[in-house]
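What follows is a single structure, written as structure tokens, with notes after it.
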Amino acid sequence: MKPQKILLPLIILSAAVVVVWLIFATKPEAKKFKDTPTHKLRTEVMMPKAESYQVWVPSYGIVKPKTQSLVIAQVSGQVTSVSDQFRDGAFFEKGDVLLTIDDADYQAQLTIAKAEYKQAEFTLEDEKARSEMALKDWQKLGNTNKPPSLVAREPQLNSALSILEASRAKVIQAELNLKRTQIVAPFSGRVLSLDVNVGQVVNNGSTLGNIYAVDSVEIRLPLKGSDLAHLNLPELYRDLESRTKEANIAVKLMATLANKTHTWPGELVRVEGTIDAQTRQLYVVVEVKDPYKFRGDGTPPLKVGQFVNALIQGNTLDNVVVLPRAAVATGNYINLIENGVLERVHIDTLWMDDEQVVIENKFTRGQRISTTPLGDAVSGTAVEIIKADGSIESGDASGHQDKGKKKRGKGNKNKSTEQGS
């Protein structure tokens, strides 16, 4: 074998070893930083404070009249006048004449009935005289016993008396029909709809309009099963005269009109006796008294058919903590902060609405609750607290100052520690 073939690979291998050694010998060194700062979550916090909380159960419903009636004609005839108080939306008082029907025929019927009554009175008096004469004739004949009824003309006398009573009833009926030609308001109310007008001929039983009373209106409100525990609903039993629970539950009714929310006070007056078959919810009825009274504060009157939201006064929860919804994470967890360290804690809610969550007060001194959503933060994470003025509260996870803030002096350190507690 030639010496060149042996030396060439050795030379190449030696050169490669030298190159590799030079690469490792001259590699740059990574700079090492001391006291590398660790990333901390920042959050706003609140101090848990024990208080009493008044529960208001939300619901909704439609305003309906408490008393509503159809105005029905009880006689036939042509409508001769319609009052201005018997127009759609108009108010009327009890006893007002709303509509009149032509009464000419009924005036004539009353006149005829009165004439028949007078004739019946004359017939009865005549029969009484005939009966007395028959008795005298019976006695003249020497009879001392009671005469037979035919001799005493008792059948004729009873017949005349029956005719008189029938004539009197005809007069009463004619007077009643004449009175019914004027449609009189049975209560103070408002017109929902008018179905006839002047010149129209109506029959007995025709619908003239629809009216409702204005002394109060009612709203039927559904309740969820979970809300019943927070309400002291009045119940009635068949064998008890009084209600088993307190009544007079206050209700706030709200509606937005022209971009302004208005409120009306109401009162829960009764609980329905059945569960709705479709929704499986219990319904309660709320009453608003005098809903059309002028209140002077710009609040409009409630209108029949109007949709309203409701808040029903519930029970009072004592020794509880009220949290904003943002402080409660999915799954009913809160982030508890103590000594700069986060602890993820599961909670049991006593009450919850769109803005607040109410929980039992089980917190100790020095614990604070994060009000900033922290996503999937885990227990043991170090956090920095954002104070009300936007600055960061001093103190690390162990409660000590960082190096930059130690230079401020002992007074600042004590102050920061006090704020963190």
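Each reported figure results from applying straightforward, stated rules to the coordinates on display, with no laboratory input. Fair warning: this is a prediction, and the values are worked out from it, not measured in the lab. Glycine also receives a Cβ, built like all others from the backbone with ideal geometry; neighbour counts cover every protein chain displayed.
Along the Cα→Cβ direction, 7 angstrom out, place labels at residue 119 and residue 60. What is the inter-label distance in nm?
7.0 nm
What is the helix-to-structure angle for 3-25, meaning the angle in degrees between its Cα long axis and the longest Cα principal axis of the chain, kept from 0 to 90 and rounded to the nearest 10?
It works out to around 60 degrees.
Run the simple label-point estimate for residue 276 and residue 290 please: 7 Å along Cα→C-beta, distance reported in nm.
Once both label points are built, they end up 3.2 nm from each other.
Given the rule -39500 (n - 2.57) for each run of at least 4 DSSP H residues, summed and divided by the residues of the chain, what is its mean residue ellipticity at 222 nm, to the nearest 500 deg cm²/dmol?
-8500 deg cm²/dmol
Between residue 184 and residue 378, how high is the FRET efficiency from 1/(1 + (r/R0)^6) when r is the Cβ-Cβ distance and R₀ = 45 Å? Nearest 0.05.
0.05
Going by alpha carbons, how many degrees (0 to 90, nearest 10) lie between the helix axis of 104-140 and the longest principal axis of the chain?
Roughly 40 degrees, rounded to the nearest 10.
Past 32 Å, Cα to Cα: identify those pairs from 94/118; 66/114; 114/146; 224/260, in the order given.
Over 32 Å apart, Cα to Cα: 94/118; 66/114; 114/146.
When the chain is modelled as a GNM with alpha-carbon springs shorter than 10 Å, which of 107, 78, 156 fluctuates the most?
Among 107, 78, 156, the largest GNM mean-square fluctuation belongs to 156.
Which length gain, in nm to one decimal place, applies between residue 248 and residue 387 when the Cα-Cα distance is subtracted from 0.36 nm times their residue separation?
45.5 nm
Please get the size of the charge dipole for the chain, origin at its Cα centre, with Cβ charges of +1 on Lys and Arg and -1 on Asp and Glu, quoted in debye to the nearest 20.
So the magnitude is around 3000 debye.
Calculate, for residue 215 and residue 258, the FRET efficiency according to 1/(1 + (r/R0)^6) with r their C-beta to C-beta distance and R0 22 Å; round to the nearest 0.05.
About 0.20, to the nearest 0.05.
Would you calculate the separation in nanometres between label points at residue 307 and residue 136, each defined as 7 Å from the Cα along the Cα-to-beta-carbon direction?
It is 8.9 nm.
Gain in length, residue 15 to residue 49, computed as 0.36 nm per residue apart minus the alpha-carbon separation, to one decimal in nm? Write out the running numbers ahead of the final one.
Details: separation 34, 0.36 × 34 = 12.24 nm, distance 7.79 nm.
Between residue 15 and residue 49, full extension yields an extra 4.5 nm.
On a 0 to 90 degree scale, rounded to 10, what angle separates helix 154-179 from the longest Cα axis of the chain?
40 degrees
Once phi is turned into ³J(HN,Hα) by the Karplus curve 6.51 cos²θ - 1.76 cosθ + 1.60 with θ = phi - 60°, what whole-Hz value does each residue of the range 337-348 show in order, with x for glycine and proline?
10, 8, 6, x, 10, 8, 10, 7, 10, 7, 10, 10
About its Cα centre, how strong a charge dipole does the range 69-213 have in debye, to the nearest 20, once Lys and Arg get +1 and Asp and Glu get -1 at the Cβ?
Dipole magnitude for the range 69-213 comes out near 500 debye.
Of the labelled options (i) 54.5; (ii) 23.5; (iii) 20.4, which one gives mean projected area of the Cα convex hull in nm² as computed for this structure?
So the calculated entry is the one marked (i).
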